[in-house]
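Working notes, structure below.
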Amino acid sequence: MNTKKLTRIGLVAAIYVVLTWILPMFSYGPIQFRISEILTLLAFYNPIYVLSITIGAFISNIISPLGIIDMFVGALHSFLSVYAMTKTKNIYLASIFPALFSFIIAIEILIVSDEKLSFFLITGQIMLSEFIIVSLIGVSVFKLLEKNKTFKDFVLLDGTNKVK
């Protein structure tokens, strides 16, 4: 892996962490609106960002109220979501994966919580927040960014081109 790719991976991971930590009240728990989740769509454009998002989620969850388990479970959720994004050619379909894998976070919350909670309610809340952030807001943002040459140059390091 060359220095340019490694730098981009680290930069995107750091941005993910900052965007998560800047609004912690919205970043953790059964109702999450992590602005950083918009960045998951980068993996749709270039698979090198699978590593960025996974590392970013792992580090972000250091301060999670769910404890150290959230570092691993959250990173697993992110990895599965962004890896699945790399396997599709449609950004709208790709944007659904974080919501589809939300059951992983719901299971974690049920395991670590002292309260009796509904699996379906928790899953639904997380799915809805992922859908709003990634599918509605994120796709809109990235469709605008696709028209920007600087964005293309930054994201498409190795000639991979899902941007028309």
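Derivation of every value follows stated rules applied to the coordinates shown; laboratory data play no part. Keep in mind that this is a model prediction, so the values were computed, not measured. Neighbour counts run over all protein chains shown; Cβ positions are idealised from the backbone, glycine included.
Miscellaneous remarks
- Packing around the peptides 6-14, 54-62, taken as the average count of other Cβ atoms within 10 Å per residue, puts them in this order, highest first: 54-62, 6-14.
- Taking all Cα pairs closer than 8 Å and separated by 6 or more residues, the relative contact order of the stretch 3-155 comes to 25 percent.
- Rg/Rh for the stretch 3-155, where both radii come from Cα atoms and Rh is the Kirkwood radius: 0.96
- For Ser95, residues with placed amide H under 5 Å, excluding near neighbours: none
- Within straight-line reach of Lys116, meaning a Cα separation under 18 Å, sit the following aspartates and glutamates at least 8 residues removed in sequence or on another chain: Glu108.
- Counted as membrane-span-like here are DSSP H helices of the chain whose alpha-carbon atoms extend 20 Å or more along the helix's own axis and whose Kyte-Doolittle mean is 1.0 or above; these are 3-21, 68-85.
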